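As structure tokens, the structure follows; a few thoughts come after it.
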Amino acid sequence: TEGEPIPFVGITNIADGYCVTADAPALNLIPEGGVLDGPGVVDGQFVPSAAGVGEHEIHYTAEGLTATYTITVYPAPEAPEISLSAGLLGTTAGYDNYQWYFEGNLLTGATGIFYTPQAPGNYTVEVMLNGCTVMSEPFLFEPVGIDNPAGNGTQVYVFPNPYQNRVNITYIVSQKAPVKVVIYDAVGK
């Protein structure tokens, strides 16, 4: 048959699901000028928090045609908690993705449930579940300190405790000075 092609009416970049805490996505409505309606549609935009958690049908109507989409709005996961055990920082299993941070800076490659801290300070972990991300409260990692005979603001840390195949020794001196480190085992060798 010959004739005018049926126009495309729809949303080219809509996702199947959004987090309830996500911002309203910038939807690409084709053709422009149609009407978007359904649960969570506010001023022509789909707003996940307005729709609420659950499955929702939204419709885009233009040029006499209607496209229908089913969108799932996922609840935000609870913030994970960090714990320290056997020299490892860890958090709860069951999330889709993990990302560790030290003092607010991303730790490249630190994407597992556990992380071996490399220095004293604040660690956080960001987790993702169903596209929803949430960050833990900071966990202050303070390795075992040693009484320092040098004084003058010098700090010495040895971790992890208990020792596991590798030990880290971190020292902070208040001014430039030579440092001598002597390590003895349990029997004094």
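For the stretch 170-189, enumerate the residues that are open to solvent by less than 100 Å² (accessible area, probe 1.4 Å) and either under 12 Å from Pro120 (Cβ atoms) or modelled with pLDDT under 65 (or both).
Thr170, Ile172, Asp185, Gly188 - these are the residues of the stretch 170-189 that are open to solvent by less than 100 Å² (accessible area, probe 1.4 Å) and either under 12 Å from Pro120 (Cβ atoms) or modelled with pLDDT under 65 (or both).
Looking at the stretch 61-97, which of its residues are over 30 Å from Phe8 (Cα atoms) and assigned to a strand (DSSP E or B)?
First, pick out the residues of the stretch 61-97 that are over 30 Å from Phe8 (Cα atoms): 75-97.
Result: Ser83, Leu84, Ser85, Leu88, Leu89, Gly90, Asn97.
Does Val53 count as touching a Pro at 6+ places or on another chain (Cβ under 7 Å), of a type in the set (Val, Ile, Thr), surrounded by 11 or more Cβ atoms within 10 Å (Cβ to Cβ) and under 26 Å from Thr133 (Cα atoms)?
Taking the combined requirement at face value, the residue satisfies it.
Name the pairs: first residue in the stretch 26-50 and at positive phi and open to solvent by 60 Å² or more (accessible area, probe 1.4 Å), second residue modelled with pLDDT under 95 and in a strand (DSSP E or B), Cβ to Cβ under 7 Å, at least 6 apart or on different chains?
Going by the 7 Å Cβ cut-off, the qualifying pairs are Gly33/Ala62.
For Thr70, work out the one condition from (1) open to solvent by 60 Å² or more (accessible area, probe 1.4 Å); (2) within 13 Å of Glu126 (Cα to Cα) it doesn't fulfil.
Among (1) open to solvent by 60 Å² or more (accessible area, probe 1.4 Å); (2) within 13 Å of Glu126 (Cα to Cα), the lone unmet condition for Thr70 is (2).
Would you check if there is a residue in the stretch 51-71 being under 30 Å from Pro138 (Cβ atoms) and either aliphatic (A, V, I, L, M) or under 32 Å from the mean Cα position of the chain (by Cα) (or both)? Before the answer, list the steps.
Of all residues in the stretch 51-71, those under 30 Å from Pro138 (Cβ atoms) come to 53.
Okay, now just the ones that are also either aliphatic (A, V, I, L, M) or under 32 Å from the mean Cα position of the chain (by Cα) (or both), so 53.
Yes, that holds for at least one residue.
Among residues belonging to the stretch 128-140 that are outside any loop (DSSP other than H, G, I, E, B) and in contact (Cβ under 8 Å) with a residue 24 or more places away in the chain, point out the one that is nearest to Ile14 (Cα to Cα).
Cys132
Quick one: in the stretch 79-127, of everything that is without any contact (Cβ under 8 Å) to a residue 40 or more places away in the chain and hydrophobic (A, V, I, L, M, F, W, C), which residue is surrounded by the most Cβ atoms within 10 Å (Cβ to Cβ)?
Trp100
Within the stretch 68-75, can one find any residue that is farther than 18 Å from Leu129 by Cβ and free of Cβ contacts under 8 Å to residues at least 12 places away in the same chain? Spell out how you get there, then give the answer.
Step one: of the stretch 68-75, the residues farther than 18 Å from Leu129 by Cβ are 68-70.
Now restrict to residues that are free of Cβ contacts under 8 Å to residues at least 12 places away in the same chain: 68.
Scanning the stretch 68-75 turns up at least one residue that is farther than 18 Å from Leu129 by Cβ and free of Cβ contacts under 8 Å to residues at least 12 places away in the same chain.
Could you please find all residues in the stretch 140-161 being modelled with pLDDT of 85 or more and either of a type in the set (Gly, Ala, Ser) or open to solvent by 50 Å² or more (accessible area, probe 1.4 Å) (or both)?
Passing the criteria: only Leu140.
Mind listing whichever residues of the stretch 1-25 are of a type in the set (A, V, I, L, M) and open to solvent by 70 Å² or more (accessible area, probe 1.4 Å)?
Hit for the stretch 1-25 is Ile6, nothing else.
The values are calculated or read from the model by the stated rules, or taken from the named source; none is laboratory data. Since the structure is predicted, the reported quantities are computational estimates derived from the model, not experimental observations. In this analysis, Cβ positions are derived from the backbone assuming ideal geometry, glycine residues included, and neighbour counts consider all displayed protein chains. Protein only, heavy atoms only, side chains kept; ligands, DNA and RNA dropped before computing areas. Shrake-Rupley method; radii C 1.70, N 1.55, O 1.52, S 1.80 Å.
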